[in-house]
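The structure appears below as structure tokens.
The values are calculated or read from the model by the stated rules, or taken from the named source; none is laboratory data. Predicted model only: the values in this text are computed from it and were never measured. Note: ideal-geometry Cβ built from the backbone for every residue, glycine included; neighbour counts use all protein chains shown.
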Number of protein chains: 2
Amino acid sequence: MTDTYRVAVLGATGAVGTEMVHLLEQRRFPLASLKLLASERSVGRQIAFAGEAVPVEPLTPGAIKDIDIVLGATEADLSRQYARTIVEAGAVFIDNSSAFRLDPDVPLVVPEVNLADLKHHAGIVANPNCSTILLVVALWPLHRRHAIRRVVVSTYQAASGAGAAGMSELLRQSRQILADEEFTCEVFPHPIAFNLFPHDSAIGADHYCAEERKLIYETRRIFHDDTLRIAVTCVRVPVLRAHSEAVNIEFAEPFALEEALAALSAAPGVHLVEDWQRNHFPMPIEASGKDPVLVGRIRQDLSCDHALDLWLSGDQLRKGAALNAVQIAEALAGGGL
Amino acid sequence: MTDTYRVAVLGATGAVGTEMVHLLEQRRFPLASLKLLASERSVGRQIAFAGEAVPVEPLTPGAIKDIDIVLGATEADLSRQYARTIVEAGAVFIDNSSAFRLDPDVPLVVPEVNLADLKHHAGIVANPNCSTILLVVALWPLHRRHAIRRVVVSTYQAASGAGAAGMSELLRQSRQILADEEFTCEVFPHPIAFNLFPHDSAIGADHYCAEERKLIYETRRIFHDDTLRIAVTCVRVPVLRAHSEAVNIEFAEPFALEEALAALSAAPGVHLVEDWQRNHFPMPIEASGKDPVLVGRIRQDLSCDHALDLWLSGDQLRKGAALNAVQIAEALAGGGL
């Protein structure tokens, strides 16, 4: 049994891939080697890692060999294209795309919630959608104590959800608007600077958008509860890299506020930001670059005696994507894959 | 019976007061005279109105005479201070502050919803809170058809909720952050540029903030329904002057989507923005400077067969404040006060 691992990052130069590389270094992942793979236009770049410059290599099927763990930070089509190659090469593929999230043969894992599912993997592990990860980290410690009956969520999603290009567009448009210049929309279909809009993912026949369906169906899979009722509205806001969510939670029975607070303050991956005196609660700028999901404003719902409200912010690129994937890699490594 | 009216605007140089003056001109309010009153530091300024320059006069008790209608756009303490003077001078006071909104002797009016309440005024009419006005304009056409049992609202509130100074702070901080400069928080307790936070109004023992309590108690008063159950989370976002709201509406019985759409498309003050093909729904930049509340994304809630979701945006300074007050003035004028 080895105690170090040969790791490759697919899409290593994107917003999530970059964060994965940072986290492997920061968390001292037991690496035997690190291979950074990306599309042709990034080849030739070098990425600093632990004092060395690691060259970015082209992502080709031939590049996937002598690897133990592949961290995927590409779009779903590329993930689908490479999955078989990765598995046949004997590596475990931790995929951040939506490609395999609802595949019954692929565990969908948030370590704080359903780490046990990891042992059923057959070469692929799916990393959930960012809004889903942040939500389940906050809901699970409550759901374990008193069954949740229904959740109504409104999201406040950062530009980073559309990658580095989304963040650049927010900054560029903001500059243009402040300078009274014409501005263009290249990444988002509508202006994102000083504006907001319902999430621009594809809308289905049920009038929910893809982002909303992910949150519903992925949360149910992670909780192993197909009956969990979730209403959700996803909204993009002019914030750089942390998502926030307003969450109304209806339980099967009344849930004492003190008990909820105690459960959340002891929950892994949760940090309470709950300063009623100074009106200081989770905020995206304070969640950015941090590991935990910030949770606060936990209160009794005045409209329903068995419901609570909470408010959360979490780094979309970290816990919402790269950190969760690296935590899965750590769990695999800890268990000898 | 006169057919023109002597109007005064209190706080005429603030964000709401300025909009009131614009609207009186734009909507050709039947004016006999217009008096613009403000605090000492604005005195000496002149405001363009119908091709003339109207001087700003100091707000003093002596200034309130020979007036028929006073439009108030000041803070609640000033409204309280001047209310008796105004009423004793024989004028009707349409007050945009929170001072009298829950006073049982003062009608709280949104013309599209409860215009009939106006006839019970005894010299003072209260203009509701901005988020409340936008919400009730969208909910009333539904509530009239099928009783609403419970509403879960999350707001996305613009900087203009803190007046012209709030908007300036958003623009200034944005510039400073983009230039990598230090920035300060003067109006809001937390950074507003590229950030968002739960509404900074005073938090009560029930853990709801003042803005949230306004939305609950004012909506109940306007609907004449003290049993209406409302859960609400109010959030400030880096948008200039239009508020948005994600609204989950539970009815006593199922409400067909087509019927809801028909009710909303025929509703006064509502403009449907509902383009599922192009993923184009209400947005603050498109609501800004417009009169109607933009409503869209009306869909069946997948988590509850007797619930619908909708999304709205409305100009906080217009329908959320100045326009509603001017509509009340028009109704008073139309009825000979």
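Just to check your reading of the model, which residue among A:LEU312, A:LEU302 is of a type in the set (A, V, I, L, M), within 14 Å of chain B (Cβ to nearest Cβ) and free of Cβ contacts under 8 Å to residues at least 40 places away in the same chain?
Numbers: A:LEU312 fails: free of Cβ contacts under 8 Å to residues at least 40 places away in the same chain.
Exactly one of A:LEU312, A:LEU302 is of a type in the set (A, V, I, L, M), within 14 Å of chain B (Cβ to nearest Cβ) and free of Cβ contacts under 8 Å to residues at least 40 places away in the same chain, namely A:LEU302.
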Could you identify the single residue in A:LEU240, A:LEU257 that is touching a residue at least 40 places away in the same chain (Cβ under 8 Å) and surrounded by 18 or more Cβ atoms within 10 Å (Cβ to Cβ)? A:LEU240
So how many residues does segment B:188-216 have that are over 30 Å from A:GLU169 (Cβ atoms) and not in a strand (DSSP E or B)? 14
Among the residues that make up segment A:157-166, is at least one of them under 29 Å from B:ASP315 (Cβ atoms), surrounded by fewer than 19 Cβ atoms within 10 Å (Cβ to Cβ) and touching a Pro at 6+ places or on another chain (Cβ under 7 Å)? no
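Listed residues B:THR60, B:THR74; which is surrounded by fewer than 24 Cβ atoms within 10 Å (Cβ to Cβ) and hydroxyl-bearing (Ser, Thr, Tyr)? Walk me through how you get there before you give the answer.
Working: B:THR74 fails: surrounded by fewer than 24 Cβ atoms within 10 Å (Cβ to Cβ).
B:THR60 is the lone residue from the list that is surrounded by fewer than 24 Cβ atoms within 10 Å (Cβ to Cβ) and hydroxyl-bearing (Ser, Thr, Tyr).
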Go through segment B:137-167 and give me each residue that's in contact with a helix residue (DSSP H, G or I) (Cβ under 9 Å, 6 or more places away or on another chain) and among the polar types (S, T, N, Q). B:THR155, B:GLN157, B:SER160
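Do we find that A:ARG28 is at positive phi, out of contact with any Leu (no Cβ under 6 Å at 6 or more places or on another chain) and either of a type outside the set (S, T, N, Q) or part of a strand (DSSP E or B) (or both) in this structure?
Values: at positive phi: yes; out of contact with any Leu (no Cβ under 6 Å at 6 or more places or on another chain): yes; either of a type outside the set (S, T, N, Q) or part of a strand (DSSP E or B) (or both): yes.
Considered against the rule, which asks whether it is at positive phi, out of contact with any Leu (no Cβ under 6 Å at 6 or more places or on another chain) and either of a type outside the set (S, T, N, Q) or part of a strand (DSSP E or B) (or both), A:ARG28 comes out as yes.
Here's the yes/no breakdown for (1) within 20 Å of A:ALA210 (Cβ to Cβ); (2) at pLDDT below 95; (3) in contact with a His (Cβ under 9 Å, 6 or more places away or on another chain); (4) in a loop (DSSP other than H, G, I, E, B):
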| residue | (1), (2), (3), (4) |
| --- | --- |
| B:SER244 | no, no, no, no |
| B:VAL247 | no, no, no, no |
| B:GLU259 | no, no, yes, no |
| B:ALA262 | no, no, no, no |
| B:LYS290 | no, no, yes, yes |
| B:VAL295 | no, no, yes, no |
| B:CYS304 | no, no, no, yes |
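For segment B:45-57, which residues satisfy the criterion of being more than 22 Å from B:LEU317 (Cα to Cα) and surrounded by 14 or more Cβ atoms within 10 Å (Cβ to Cβ)?
Applying the first criterion (more than 22 Å from B:LEU317 (Cα to Cα)) to segment B:45-57 yields B:51-53, B:55, B:57.
Scanning segment B:45-57 gives a single hit, B:GLU57.
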Being in a helix (DSSP H, G or I), within 22 Å of B:GLU212 (Cβ to Cβ), small (Gly, Ala, Ser) and in contact with a Leu (Cβ under 7 Å, 6 or more places away or on another chain) is the requirement here; does B:SER174 meet it? no
Selection over segment B:143-156 where residues are surrounded by fewer than 19 Cβ atoms within 10 Å (Cβ to Cβ) and either under 12 Å from B:ARG236 (Cβ atoms) or among the charged types (D, E, K, R) (or both) yields a count of 3
Residue ID - surrounded by the most Cβ atoms within 10 Å (Cβ to Cβ), chosen from residues in segment B:167-192 that are small (Gly, Ala, Ser) and out of contact with any Pro (no Cβ under 9 Å at 6 or more places or on another chain): B:SER168
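Specify the residue that is farthest from the other protein chains (Cβ to nearest Cβ); the eligible residues are those in segment A:198-237 that are polar (S, T, N, Q) and surrounded by fewer than 23 Cβ atoms within 10 Å (Cβ to Cβ). Give the steps one after another, and end with the answer.
The initial filter retains those residues of segment A:198-237 that are polar (S, T, N, Q), namely A:201, A:219, A:227, A:233.
Narrowing the set further to residues that are surrounded by fewer than 23 Cβ atoms within 10 Å (Cβ to Cβ) leaves A:201, A:227.
On the way: A:SER201: 8, A:THR227: 10 Å.
Only one residue fits best here, namely A:THR227.
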Which residue pairs have Cβ atoms closer than 8 Å, lie 6 or more positions apart in sequence or on different chains, and pair a first residue in segment B:160-182 that is within 13 Å of chain A (Cβ to nearest Cβ) and on the phi > 0 side of the Ramachandran plot with a second residue that is surrounded by fewer than 19 Cβ atoms within 10 Å (Cβ to Cβ) and at pLDDT 95 or above? none
For A:ASN195, all conditions in the list (1) surrounded by fewer than 22 Cβ atoms within 10 Å (Cβ to Cβ); (2) over 23 Å from the mean Cα position of the chain (by Cα) hold save one; what is the number of the exception? (1)
Of the conditions (1) on the phi > 0 side of the Ramachandran plot; (2) assigned to a loop (DSSP other than H, G, I, E, B), B:CYS185 fails just one. Which one is it? (1)
B:ALA116 more than 13 Å from chain A (Cβ to nearest Cβ) and either under 23 Å from B:GLY314 (Cβ atoms) or not in a loop (DSSP other than H, G, I, E, B) (or both): yes
Here are some conditions: (1) out of contact with any Leu (no Cβ under 7 Å at 6 or more places or on another chain); (2) free of Cβ contacts under 8 Å to residues at least 24 places away in the same chain. B:PHE281 meets all but one. Which one does it not meet? (2)
Could you list, in sequence order, all residues of segment A:243-254 that are among the hydroxyl-bearing types (Ser, Thr, Tyr) and surrounded by fewer than 22 Cβ atoms within 10 Å (Cβ to Cβ)? none
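Criterion first (more than 10 Å from every other protein chain (Cβ to nearest Cβ) and either under 29 Å from A:LEU23 (Cβ atoms) or crowded, with 24+ Cβ neighbours inside 10 Å (or both)) does A:PRO268 satisfy it? I'd like the intermediate steps shown before the answer.
On the way: more than 10 Å from every other protein chain (Cβ to nearest Cβ): yes; either under 29 Å from A:LEU23 (Cβ atoms) or crowded, with 24+ Cβ neighbours inside 10 Å (or both): yes.
When the stated conditions are applied, A:PRO268 passes them.
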For residues that are at the interface with chain A (Cβ under 7 Å from one of its Cβ atoms) and touching a Lys or Arg at 6+ places or on another chain (Cβ under 8 Å), scanning just segment B:183-197, find the one that is farthest from A:ALA246 (Cα to Cα). B:PRO189
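Identify all residues within segment B:285-306 that are over 26 Å from the mean Cα position of the chain (by Cα) and small (Gly, Ala, Ser); write none if there are none. Step through it out loud before you land on a result.
Restricting attention to segment B:285-306, the residues satisfying the condition of being over 26 Å from the mean Cα position of the chain (by Cα) are B:300-306.
Within segment B:285-306, B:SER303 is the sole residue that qualifies.
Just name the residue that is nearest to B:VAL7 (Cα to Cα) out of those in segment B:96-116 that are free of Cβ contacts under 8 Å to residues at least 60 places away in the same chain and either crowded, with 18+ Cβ neighbours inside 10 Å or touching a helix residue (DSSP H, G or I) at 6+ places or on another chain (Cβ under 7 Å) (or both).
Only one residue tops the list, namely B:SER97.
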Among the residues of segment A:264-288 satisfying the criterion of being out of contact with any Phe, Trp or Tyr (no Cβ under 9 Å at 6 or more places or on another chain) and among the aliphatic types (A, V, I, L, M), which is nearest to A:LEU134 (Cα to Cα)? A:VAL270
Please tell me if A:ARG41 is over 25 Å from A:GLY320 (Cβ atoms) and either modelled with pLDDT under 95 or in a helix (DSSP H, G or I) (or both). yes
